[in-house]
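This report concerns only the one structure given below.
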Amino acid sequence: MKANVWHGRNDMRVENVPDPRILNPRDAIVKITSSAICGSDLHLYDGYVPTMEAGDILGHEFMGEVVETGPAVRNLKAGDRVVVPFTIACGGCFFCEQQQHSLCENSNPNAWMAEKMWGHSPAGIFGYSHLTGGYAGGQAQYARVPYADTGPLKIEDGLDDEQVLFLSDVLPTGWMAAENCHIQPGDTVAIWGCGPVGQFAIQSAYLLGAERVIAIDRFPDRLQMASDWSRAEALDYTACDVADTLREMTGGRGPDACIDAVGMEAHGAGPMAAVDRIKQMMRLESDRPMVLRQVLRACRNGGTVSVPGVYGGFVDKLPFGALMNRSLTLKTGQTHVQRYMQPLLERIRRGDFDPGRLVTHRKRLDDAPDAYRMFRDKQDGCVKVVLKPWVH
Ligand SMILES: [Zn+2]
Ligand SMILES: [Zn+2]
């Protein structure tokens, strides 16, 4: 089959690789009909995630048709259409039973690597380094899906791929980011980053009762999407002082909750941002926490900071004193996708979300390397790219 394969920093190639096979009784093989590129894939592309190996197949937002099932998979059969959650979870362990699927104790065969880095291991993730399991991803024509009897969501009606594909990650991720804000009626929520997760976080915050949502970015197309589609008040951080503006907009108090939907490769100006860039390049600091610093300072006293943005390792100069002295609550985590897929599918059916509108570009799998470049450089108004593995 064809797959998008990582070879190193800024080096991805579409290659012929062996077809995946059933390895365990609970596996299924899915023929992939749509596969998206995620903002977090850019951290792999830019070479900031450790334990990637040349030959790794990328991609964790995908869906398709079941073509084969292991003997223990009784809920799916060949021909079923499924969306696959990016977090791999067994469904039966201590964490899965509490619906904390991204913490599954059984799905990361390389747990020892994660324990060295983070103390304990989270769940395995498709196409996202050996630290999270070394699983082949879904930017390919086929994928092996472990625990297929519990993870994948069957799509039985006529909703097309682009309406349901984002249940694999960015829609539940935006939703959980907003849910983590414990929004009360009348609240103001500020969201840094107007990419796909940011857009869904804005929309989710309104659905969860926020009165005002303020969105922060620097790319005009994304700010436009945040105001026109997601109905946020959009701020261009290159044209204003974000901290001052937020204070003014909230009567001097600050937003009730702040969301960092940017993560480890935040951009910024000033000496601190320059130091981060240099330290990250020299591998003295794994992450650039510009946004996280701003968020911790901007949030009102007693407010909540929610972090869906991906961080990999260590950050410097984090104003932890702001968090402690001002009684902030910090909520974060990889998304417990399995918990949210069914309820969010219902919301798509009801019209609360129209996820297909996120897609700005559709490309052949063969064009994946170009698509990554376009997406990283935010060329041509690119917000979300969907790859079509079977279009030639
Ligand atoms: Zn993703
Ligand atoms: Zn589990």
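Structure data summary
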item: The range 156-172, residues that are open to solvent by 10 Å² or more (accessible area, probe 1.4 Å) and either touching a helix residue (DSSP H, G or I) at 6+ places or on another chain (Cβ under 6 Å) or assigned to a strand (DSSP E or B) (or both); result: GLU162, GLN163
item: All positions within the range 79-89 that are away from ligand 1 (no atom under 16 Å from the Cβ) and either in a helix (DSSP H, G or I) or open to solvent by less than 10 Å² (accessible area, probe 1.4 Å) (or both); result: VAL82
item: Sole residue being under 20 Å from ALA274 (Cβ atoms) and at pLDDT 95 or above, chosen from ARG339, ARG326, ARG293, ARG297; result: ARG297
item: Which numbered condition GLY138 fails, given (1) in contact (Cβ under 8 Å) with a residue 24 or more places away in the chain; (2) assigned to a loop (DSSP other than H, G, I, E, B); (3) within 12 Å of ligand 2 (Cβ to nearest atom); (4) within 24 Å of THR69 (Cα to Cα); result: (3)
item: Single condition ALA114 does not satisfy, out of (1) over 27 Å from ALA368 (Cα atoms); (2) open to solvent by 10 Å² or more (accessible area, probe 1.4 Å); (3) more than 11 Å from ligand 2 (Cβ to nearest atom); result: (2)
item: Hits in the range 101-127 (condition: closer than 18 Å to VAL145 by Cα, away from ligand 1 (no atom under 16 Å from the Cβ), within 19 Å of the chain's Cα centre (by Cα) and outside any helix (DSSP H, G or I)); result: CYS104, SER107, ASN108
item: Exclusive hit being of a type outside the set (Lys, Arg), over 22 Å from LEU323 (Cα atoms) and away from ligand 1 (no atom under 16 Å from the Cβ), set GLY174, GLY198, GLY209, GLY254; result: GLY209
item: Verdict on LYS331 being open to solvent by less than 20 Å² (accessible area, probe 1.4 Å), under 22 Å from ASP217 (Cα atoms) and of a type in the set (D, E, K, R); result: no
item: Residue among ASP260, ASP217, ASP221, ASP236 that alone is open to solvent by less than 10 Å² (accessible area, probe 1.4 Å) and acidic (Asp, Glu); result: ASP260
item: Which listed residue is free of Cβ contacts under 8 Å to residues at least 60 places away in the same chain, away from ligand 2 (no atom under 16 Å from the Cβ) and either open to solvent by 10 Å² or more (accessible area, probe 1.4 Å) or within 17 Å of the chain's Cα centre (by Cα) (or both), from GLU61, GLU65, GLU97; result: GLU65
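The values are calculated or read from the model by the stated rules, or taken from the named source; none is laboratory data. This is a predicted model, so every value here is computed, not measured. Virtual Cβ from ideal backbone geometry, glycine too; neighbours counted across all protein chains shown. Protein only, heavy atoms only, side chains kept; ligands, DNA and RNA dropped before computing areas. Shrake-Rupley method; radii C 1.70, N 1.55, O 1.52, S 1.80 Å.
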